Amino acid sequence: MPGSTSLPKAPPIPAGLSRDQLLEIYRFLRLTRTLEERLTALYKQSKVIGGLFRSLGQEGESVASAYALERGRHRDFLSPLIRNLGSLLVMGAQPVQILRQYMAKDQSPTRGRELNVHFGDLELGYLGQISHLGDMIPVMAGVTLTFKMRREPRVGLVYIGDGATSTGAFHEGLNFAAVQRCPLVVIGEYNGYAYSTTPERQFAVRNLADKAKGYGIPAVTVDGNDVLAVYEATKYAVDRARMGKGVHFVEVKTFRRKGHAEHDDQHYVPQEELDRWAKNDPIDRYLTQLLSNGWAEEQDLKDIDGDVRDEIDQATDLCVNEPLPPGESALSGVYVHPATADRLWFRGLHG
């Protein structure tokens, strides 16, 4: 009609995502941060056993990279580090499991024998870490080699911090995976500090991706606080690995805005550096993208925020007063009675 004005059309959503998927990604981002905030409160109440490892500032790359995988029972496989809580939640881990793990409850996935994210679910597709110092690279090389040998169209994804790229396990595992052309995607987290050591004090290259290129592995460096950029780069790498083209390395430039763990006061980090990265928050940036591009309404996001708070409240109420494992259970699953061992041996020998 003459004189009428039309609203500007929202730009197309990148990376082949739908509006519902964008909102689901936002939910995982908010779930990760809200769960960690609740764990911080429990830690200050002395209800968390051991250390608490926050991913503040890194939630975006964890959620976005895991979201690029095919999820579900017996699909793609992932190995997280202590700051990849968001990846675990994307793969299907439940907040109540995380809370129980950190509080070492009897009903936790490891019955109180392990803490934080040291647990796995082989059906849902995530493997608990044996170490955060590079050792999961050769482990995941072996896992993905089985996918290749069985001709299964499955992909593995593993995370490595900038400090751990200086370990022998990282280099040996990466070289093996490259030579065997394993369907493996490696996410290199350049987050500024290996505990209290800056990258420039431990290696001379400017990018972690340069280390991967030395083994003939295609590598790319992306803004780790740009959720959609991380998703797009990881999705390309995952699709490439699934087609049998071997390992791919995705470096995410991000920043660890908390100390190594909650007990670490981060005295070695200049305050101006923390302030600068706080203005580059991945969740704030993603929320701005959704609203400014017309991909979501403000009420959609408020509804998600409320649902997440309710979910964390209900999970906390369910498990906070649950008992710790009874002392007599400490040896269960560790030793086998001699008579039982004989029966198991005989059964194995004769089928």
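The values are calculated or read from the model by the stated rules, or taken from the named source; none is laboratory data. In this text the structure is predicted, and so the values were computed from the model without any measurement. Counting neighbours? That spans all protein chains shown, and the Cβs are built from the backbone with ideal geometry, glycine included.
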Filter the range 103-129 for residues that are of a type in the set (Asp, Glu) and assigned to a loop (DSSP other than H, G, I, E, B) and give the result.
ASP106, GLU114, GLU123
Which residue out of VAL220, VAL247 is surrounded by fewer than 19 Cβ atoms within 10 Å (Cβ to Cβ), of a type outside the set (D, E, K, R) and on the phi < 0 side of the Ramachandran plot?
VAL220
Hey, can you tell me all the residues within the range 195-243 that are among the acidic types (Asp, Glu) and over 24 Å from HIS260 (Cβ atoms)?
ASP210, ASP226, GLU232, ASP239
What are the residues in the range 105-118 that are over 17 Å from LEU85 (Cβ atoms) and under 21 Å from the mean Cα position of the chain (by Cα), if any?
none
Within the range 306-351, can you find the residues that are touching a Leu at 6+ places or on another chain (Cβ under 9 Å), modelled with pLDDT of 95 or more and not in a helix (DSSP H, G or I)?
VAL320
Examine the range 90-97 for a residue that is small (Gly, Ala, Ser), touching a residue at least 12 places away in the same chain (Cβ under 8 Å) and not in a loop (DSSP other than H, G, I, E, B), and state whether such a residue exists.
no
Of all residues in the range 286-301, which are surrounded by fewer than 18 Cβ atoms within 10 Å (Cβ to Cβ) and either in a loop (DSSP other than H, G, I, E, B) or of a type in the set (Val, Ile, Thr) (or both)?
THR288, ASN293, GLY294, GLU297
Consider the range 76-89. How many of its residues are in a loop (DSSP other than H, G, I, E, B) and either crowded, with 21+ Cβ neighbours inside 10 Å or modelled with pLDDT of 95 or more (or both)?
5
Exactly one of GLU70, GLU59 is charged (D, E, K, R), in contact (Cβ under 8 Å) with a residue 40 or more places away in the chain, closer than 29 Å to ALA15 by Cβ and buried (at least 22 other Cβ atoms within 10 Å of the Cβ), and that residue is GLU59
Scanning the range 265-285 for residues that are modelled with pLDDT of 95 or more, charged (D, E, K, R) and part of a loop (DSSP other than H, G, I, E, B), the one surrounded by the most Cβ atoms within 10 Å (Cβ to Cβ) turns out to be ASP281
